[in-house]
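Q: If you scroll down you'll find the structure; I have some questions about it.
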Amino acid sequence: MQLVSQFAASAEHADAAGSEQLIPAGDSVVQGTLTVPLAARGIVVFLHASSVGRFEAAQRFVAQVLQQAGLATLQVDLLTPAEDAALPLRQPRTPDTLLMVERALDVIAWLGSHASTSKLAVGVFATTAETVVALSAAERTPRVAAVLSQGGCPDFLDDTLSQVRVPTLLIVGQSELERTPELAAEFFERHLGHSRP
């Protein structure tokens, strides 16, 4: 795909500019980085089960590819620094899934009230730890038009997937994982290429 070839192969070059946002989520406030290109045709929310995931170079690179495709992005951390610090340093870290689902729904609702994103169709990007959160949120709000999971286990997700009624892409094979930016751009361009009325 020509779009991806315009970027260096290393994720360290993926430092797209964005504005830091404080987003009300239940009794807390979560932090996100919002980037809205001119004439954006949709927005992709990157869910992070931490308090600093929005700074991860690999996901910032994917976001930059999506921005070049004309899609807005919101990298959002679903945990506060205190909540993140309370989790064990070693795997498996087990943040509260139900709490993160509620916060993901609050973030998606916030997009509907934000002037630059209120008319944009919403997609959700999740990696392994956040996939159940993304699919559960998509099941509960009509705002989500598409979900992409990078590394989610299909067998583990069978019950959750059966409840989801929006286009869903699972990227699981090694060859596909290496093409995540390209596949994500193609998928979200196809399903988010329209605005809400």
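Q: Within the set of pairs 6+ apart or on separate chains, which have a first residue in the stretch 95-115 that is hydroxyl-bearing (Ser, Thr, Tyr), a second that is in a helix (DSSP H, G or I) and at pLDDT below 95, and C-beta atoms under 9 Å apart?
A: What qualifies is Thr97/Val132; Thr97/Val133; Thr97/Ser136.
Q: If you check Val30 against the conditions, is it buried (at least 17 other Cβ atoms within 10 Å of the Cβ), closer than 20 Å to Gly151 by Cα and at pLDDT 95 or above? Quick ask: steps written out before the conclusion?
A: On the way: buried (at least 17 other Cβ atoms within 10 Å of the Cβ): yes; closer than 20 Å to Gly151 by Cα: no; at pLDDT 95 or above: yes.
Considered against the rule, which asks whether it is buried (at least 17 other Cβ atoms within 10 Å of the Cβ), closer than 20 Å to Gly151 by Cα and at pLDDT 95 or above, Val30 comes out as no.
Q: Report the residue count in the stretch 133-151 for those that are over 10 Å from the mean Cα position of the chain (by Cα), more than 14 Å from Phe188 (Cα to Cα) and surrounded by 22 or more Cβ atoms within 10 Å (Cβ to Cβ).
A: Going through the stretch 133-151 one residue at a time, the tally reaches 4.
Q: Just give me the residues in the stretch 41-66 being in contact with a Leu (Cβ under 7 Å, 6 or more places away or on another chain), small (Gly, Ala, Ser) and at pLDDT 95 or above, in sequence order.
A: Gly42
Q: Moving on. Looking at the stretch 69-92 only, could you name the residues that are in a loop (DSSP other than H, G, I, E, B) and touching a strand residue (DSSP E or B) at 6+ places or on another chain (Cβ under 9 Å)?
A: Answer for the stretch 69-92, where residues must be in a loop (DSSP other than H, G, I, E, B) and touching a strand residue (DSSP E or B) at 6+ places or on another chain (Cβ under 9 Å): Leu71, Leu78, Leu79, Thr80.
Q: Determine if the stretch 47-68 includes at least one residue that is assigned to a strand (DSSP E or B) and of a type in the set (A, V, I, L, M).
A: Yes; the residues of the stretch 47-68 include at least one that is assigned to a strand (DSSP E or B) and of a type in the set (A, V, I, L, M).
Q: Can you pull out every residue in the stretch 118-165 that is at pLDDT 90 or above, assigned to a loop (DSSP other than H, G, I, E, B) and over 20 Å from Leu78 (Cβ atoms)?
A: Ser118, Lys119, Ala121, Pro142
The values are calculated or read from the model by the stated rules, or taken from the named source; none is laboratory data. The model shown is predicted, which means the values in this text are computed figures rather than measured ones. Neighbour counts are summed over all protein chains in view; Cβ atoms, including those assigned to glycine, are modelled from backbone coordinates with ideal geometry.
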